[in-house]
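Engineer: Dropping a structure here in structure tokens format, bear with me for questions.
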Amino acid sequence: MNLLKSLIITIPLLLIISCNSNSNKSKIAKVDIVFQADTTKFTEPQKQLIGEVIINSEKEIRNLIPKLPDSIKVIVEIVDWNLDFVGGVTGRTETNSPPLVAIQISDKFPGGITNAVNTALKHVVFHEFHHLSRGWAIKDNKFEYGISIAMVNEGLAVVFSEEYTDLAFEAENPPQEDVANSWVNEIIALPKDADYQKWMFQHPDGRTSIGYRTGNFLVRQAMINSGKNIIELSSLMPNEIIKLAGY
């Protein structure tokens with residue numbers, strides 16, 4: 001979709017973040033929220049609610065991950081997709097430079113836009129902003145190709161969001177341990193150019209979100225084995241996390 005052809009309304013929001021106590025200067029973190037409107041538009045109360053969730057989430061995340069980018073652009077749009085399995089909201093981290101996150105909210109979710117926002121927006125913001133802190137994005141990606149890399153980075157974001165929002169959704173639930181072990185080994189054995197869509201979204205054999213669900217399992221195993229929390233684990237490279245998980 002050509003963003004230049006869309007009606008956009010931008011809400012600039014400035015947040016003052018404390019710097020090192022040895023410095024007299026302040027760091028200004030800026031979050032630009034852009035509401036993209038086509039045939040369906042957000043109401044003013046919906047914009048207000050969405051803005052509050054994103055800004056409040058950003059404050060929480062920055063306290064946990066200080067290296068979050070100083071300026072972040074968030075594009076929010078209404079879609080007619082069935083997103084019930086993720087609470088009516090999904091997202092993607094488009095670029096690291098400049099930091100850009102796109103969030104899609106389904107108007108087909110039971111209860112509509114407002115209920116979807118209340119159900120899952122915070123979860124998605126925590127997930128996607130974790131990607132920004134890692135440098136995991138569609139463009140300007142800081143990692144190598146490979147489903148095993150995607151498994152770890154998505155798993156980290158899933159666990160980070162679940163741990164700090166107390167929200168979890170069907171699409172990211174790990175399978176039973178014996179199945180999860182099999183899936184981890186299956187993913188590790190894949191070639192670097194394995195099909196991303198098949199392994200992260202819809203596999204021809206009927207499995208869905210394999211990389212996300214397996215990543216959730218693997219990251220939690222690494223936490224158990226190492227005694228590290230999700231913030232500590234998030235500073236490590238994918239191969240280190242895979243080893244800590246016992247693979």
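The values are calculated or read from the model by the stated rules, or taken from the named source; none is laboratory data. Not measured: the values here are computed from a predicted model. Neighbour counts are summed over all protein chains in view; Cβ atoms, including those assigned to glycine, are modelled from backbone coordinates with ideal geometry.
Engineer: In this structure, does ALA157 turn out to be closer than 16 Å to ARG92 by Cα, outside the structural domain of ILE105 (by TED's automatic domain parsing) and either modelled with pLDDT of 95 or more or not in a helix (DSSP H, G or I) (or both)?
Structural biologist: Answer is yes for this residue.
Engineer: Still on this structure: For LEU218, work out the one condition from (1) in contact with a Ser or Thr (Cβ under 9 Å, 6 or more places away or on another chain); (2) modelled with pLDDT of 95 or more it doesn't fulfil.
Structural biologist: (1)
Engineer: Now, a different point. Out of the residues in segment 188-217 that are within 18 Å of GLU144 (Cβ to Cβ) and among the acidic types (Asp, Glu), which is surrounded by the most Cβ atoms within 10 Å (Cβ to Cβ)?
Structural biologist: The qualifying residue surrounded by the most Cβ atoms within 10 Å (Cβ to Cβ) is ASP195.
Engineer: Give the residue, chosen from PRO175, PRO110, that is in a loop (DSSP other than H, G, I, E, B) and assigned by TED's automatic domain parsing to the domain that holds MET223.
Structural biologist: PRO175
Engineer: Within the bounds of segment 193-202, is there any residue that is outside any loop (DSSP other than H, G, I, E, B), of a type in the set (A, V, I, L, M) and under 15 Å from the mean Cα position of the chain (by Cα)?
Structural biologist: Yes.
Engineer: Assuming ASN185 fulfils every condition listed in (1) surrounded by 22 or more Cβ atoms within 10 Å (Cβ to Cβ); (2) over 14 Å from the mean Cα position of the chain (by Cα) apart from one, which condition is it?
Structural biologist: (1)
Engineer: Restricting to segment 62-107, what's the tally of residues that are under 13 Å from the mean Cα position of the chain (by Cα) and charged (D, E, K, R)?
Structural biologist: Number of matching residues: 2.
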